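Report on the following structure.
The values are calculated or read from the model by the stated rules, or taken from the named source; none is laboratory data. Model, not experiment: these values are computed from the prediction. Using ideal geometry, Cβ is built from the backbone for each residue, glycine included, and neighbour counts are taken over all protein chains shown.
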Amino acid sequence: MGQVTIESREFALSNLDKVLWPDDGYTKGELIHYYVQVADYLLPHLRGRPLVLTRFPDGIHRKSFYQKNAPDYLPPWIRTFSWYSEDSQRDIRFIVAEEAATLAWLANQACIEMHPWLSSIESIDNPDFAVIDLDPSPGSRYQDVVDIALVVKELLDNLGLRSYPKTSGSAGLHIYIPVEAVYTYEQVRKFAHVLASMVTEVLPHIATIERAVKKRGHKVYVDYLQNVLGKTLSSVYSVRPRPGAPVSTPLLWDEVSQITPAQFTIKTILSRLRDYGDLFAPVLQDRQNLEPACHKLGLPIF
DNA sequence: GCGGAAG
DNA sequence: CTTCCGCAACGCCCG
DNA sequence: CGGGCG
Ligand SMILES: [Mn+2]
Ligand SMILES: [Mn+2]
């Protein structure tokens, strides 16, 4: 029942009319349709990267779970990557999405979010980007997030580094600084830490790197601690399990202050993609050298 | 969403 | 035969 | 060293 063939991969889809977004009436079928439509833009950002998934079989308000280990019933044509986790002392078999059919199969599993690693299989210990994750607290305004993001950009400009913003899909923003895959996670994290500290010095009333939630108050958390092996951010074009079915969306720096993250959803993003193309395509090409910036900062890590 | 364990 | 349960846990920082 | 965090 419900057999489909996508690029010569044949498999079954089920319960296409099951509502996953009750506030909007959006169904699992619409989720699958979205991921197939966006595949050409999304797949380059997933290719070669271990994936962490979040699944919501009974809708976004019901019980959900993370999945990193591939289930035994995974179709054999879906790529996986086995990786020995030192700490849990076992192999984890990660899914690696490289075809539209894989996205459709995963969406049929009620997988809403796609979280790729910052490093790829080719060089698993070396991230391809430094990331700054701006997490608003209850009581922060989007404009605070914008002000902080623009300071991050200005600091990076002055260091000679290009940076790329996207909505997280929720209330915050993610800033990517693509780098050559030659640095360790620790090196990239230290760089991001210094950057985050500088932002809190410029905007102490709205930005913090305080990890204790209670001590953040209404400030925006400038999270540099995602720069760790095995930690992830939601991918560009990943759907989020929130009312409206918002999508993590690449932005132009000039429009960061003009938009509202909720305007980009599984229903609106395709026309934007046709107009702008993939604004995050350069993130996969722009392999920057961190050394000059670290030298300017007096960072003794290289 | 689904397989396997428990009831 | 029906229901229940698991699907990630760990690196990092601070006190 | 334990606890909180994402
Ligand atoms: Mn975030
Ligand atoms: Mn975060």
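If you check A:GLN263 against the conditions, is it of a type outside the set (A, V, I, L, M, F, W, C) and closer than 23 Å to A:ARG162 by Cα?
When the stated conditions are applied, A:GLN263 does not pass them.
Any residue at all in segment A:233-255 that is touching a helix residue (DSSP H, G or I) at 6+ places or on another chain (Cβ under 7 Å), over 26 Å from A:ASP23 (Cα atoms) and away from DNA strand C (no atom under 16 Å from the Cβ)?
Residues of segment A:233-255 that are touching a helix residue (DSSP H, G or I) at 6+ places or on another chain (Cβ under 7 Å), as a first pass: A:235-237, A:239, A:244, A:246-247, A:249, A:253.
Those still in the list that are over 26 Å from A:ASP23 (Cα atoms) too: A:253.
Checking which are away from DNA strand C (no atom under 16 Å from the Cβ) leaves us with A:253.
Scanning segment A:233-255 turns up at least one residue that is touching a helix residue (DSSP H, G or I) at 6+ places or on another chain (Cβ under 7 Å), over 26 Å from A:ASP23 (Cα atoms) and away from DNA strand C (no atom under 16 Å from the Cβ).
Look through segment A:172-205, keep the residues that are crowded, with 22+ Cβ neighbours inside 10 Å and of a type in the set (Val, Ile, Thr), and return whichever of them is farthest from A:SER123 (Cα to Cα).
Going through the qualifying residues, I end up with A:VAL199.
In segment A:98-127, which residues are in contact (Cβ under 8 Å) with a residue 60 or more places away in the chain, under 14 Å from A:TYR183 (Cα atoms) and assigned to a helix (DSSP H, G or I)?
Within segment A:98-127, just A:GLU122 meets the criteria.
Which one is farthest from ligand 1 (Cβ to nearest atom), of the residues in segment A:194-243 that are in contact with an Asp or Glu (Cβ under 7 Å, 6 or more places away or on another chain) and outside any loop (DSSP other than H, G, I, E, B)?
Here the answer is A:VAL239.
Scan segment A:169-228 for residues that are of a type outside the set (Ser, Thr, Tyr) and within 13 Å of DNA strand C (Cβ to nearest atom) and report the count. Reasoning before the result, please.
Within segment A:169-228, the subset of a type outside the set (Ser, Thr, Tyr) is A:169, A:171-175, A:177-182, A:186-196, A:198-199, A:201-207, A:209-220, A:222-223, A:225-228.
Now drop any that are not within 13 Å of DNA strand C (Cβ to nearest atom), which leaves A:186-194, A:196, A:209-216, A:222-223, A:225-228.
Looking only at that region, the number is 24.
Within segment A:61-87, how many residues are away from DNA strand D (no atom under 16 Å from the Cβ), assigned to a loop (DSSP other than H, G, I, E, B) and of a type in the set (Ser, Thr, Tyr)? Walk me through how you get there before you give the answer.
Within segment A:61-87, the subset away from DNA strand D (no atom under 16 Å from the Cβ) is A:61-63, A:67, A:69-84.
If we keep only those that are assigned to a loop (DSSP other than H, G, I, E, B) too, we end up with A:61-63, A:69-78.
In the following step, the residues that additionally are of a type in the set (Ser, Thr, Tyr) were identified as A:73.
Within segment A:61-87, residues that are away from DNA strand D (no atom under 16 Å from the Cβ), assigned to a loop (DSSP other than H, G, I, E, B) and of a type in the set (Ser, Thr, Tyr) number 1.
Check A:LEU43, A:LEU31, A:LEU20, A:LEU53 and return the single one that is in a helix (DSSP H, G or I) and within 13 Å of A:VAL239 (Cβ to Cβ). Steps first, answer last, please.
On the way: A:LEU43 fails: within 13 Å of A:VAL239 (Cβ to Cβ); A:LEU20 fails: in a helix (DSSP H, G or I); A:LEU53 fails: in a helix (DSSP H, G or I).
On inspection, the qualifying residue turns out to be A:LEU31.
Exactly one of (1) among the aromatic types (Phe, Trp, Tyr); (2) modelled with pLDDT under 95; (3) assigned by TED's automatic domain parsing to the domain that holds A:HIS174 is unmet by A:TYR142. Its number?
That leaves (2) as the condition not met.
For the structure I just gave you, tell me whether A:PRO165 is over 30 Å from A:ASP87 (Cα atoms), in a loop (DSSP other than H, G, I, E, B) and in contact with a Pro (Cβ under 9 Å, 6 or more places away or on another chain).
Working: over 30 Å from A:ASP87 (Cα atoms): yes; in a loop (DSSP other than H, G, I, E, B): no; in contact with a Pro (Cβ under 9 Å, 6 or more places away or on another chain): yes.
Here the answer is no, as A:PRO165 does not meet what is asked.
Go through segment A:278-292 residue by residue and tally those that are crowded, with 18+ Cβ neighbours inside 10 Å and in a helix (DSSP H, G or I).
Qualifying residue count for the region: 1.
Among the residues in segment A:262-278, are any within 16 Å of DNA strand D (Cβ to nearest atom) and within 30 Å of A:TRP83 (Cβ to Cβ)?
Residues of segment A:262-278 within 16 Å of DNA strand D (Cβ to nearest atom): none.
Scanning segment A:262-278, I find no residue that is within 16 Å of DNA strand D (Cβ to nearest atom) and within 30 Å of A:TRP83 (Cβ to Cβ), so the answer is no.
Just for segment A:104-135: of the residues that are under 12 Å from the mean Cα position of the chain (by Cα) and of a type outside the set (Asp, Glu), which one is surrounded by the most Cβ atoms within 10 Å (Cβ to Cβ)?
First, the residues of segment A:104-135 that are under 12 Å from the mean Cα position of the chain (by Cα): A:113-118, A:129, A:131-133.
Still in the running and of a type outside the set (Asp, Glu): A:114-118, A:129, A:131-132.
Values: A:MET114: 27, A:HIS115: 19, A:PRO116: 24, A:TRP117: 24, A:LEU118: 24, A:PHE129: 23, A:VAL131: 23, A:ILE132: 24.
Ranking the candidates gives A:MET114 first.
Scan segment A:114-137 for residues that are away from DNA strand C (no atom under 16 Å from the Cβ) and either of a type in the set (Lys, Arg) or out of contact with any His (no Cβ under 7 Å at 6 or more places or on another chain) (or both) and jot them down. Show your work before the answer.
Keep residues of segment A:114-137 that are away from DNA strand C (no atom under 16 Å from the Cβ), which gives A:120-123, A:128-129, A:134, A:136-137.
Residues satisfying the conditions are A:SER120, A:ILE121, A:GLU122, A:SER123, A:ASP128, A:PHE129, A:LEU134, A:PRO136.
Being within 15 Å of DNA strand B (Cβ to nearest atom), farther than 29 Å from A:ARG189 by Cβ and not assigned by TED's automatic domain parsing to the domain that holds A:LEU279 narrows it down to one of A:ILE112, A:ILE78, so name that one.
Details: A:ILE112 fails: farther than 29 Å from A:ARG189 by Cβ.
The match here is A:ILE78.
Please go through (1) surrounded by fewer than 19 Cβ atoms within 10 Å (Cβ to Cβ); (2) not in a loop (DSSP other than H, G, I, E, B) for A:ASP58 and return the number of the only condition it doesn't satisfy.
(2)
Among what's in segment A:36-55 and is closer than 12 Å to A:ALA110 by Cβ and more than 16 Å from DNA strand D (Cβ to nearest atom), pick the residue that is surrounded by the most Cβ atoms within 10 Å (Cβ to Cβ).
So, considering only residues that are closer than 12 Å to A:ALA110 by Cβ and more than 16 Å from DNA strand D (Cβ to nearest atom), the one surrounded by the most Cβ atoms within 10 Å (Cβ to Cβ) is A:LEU53.
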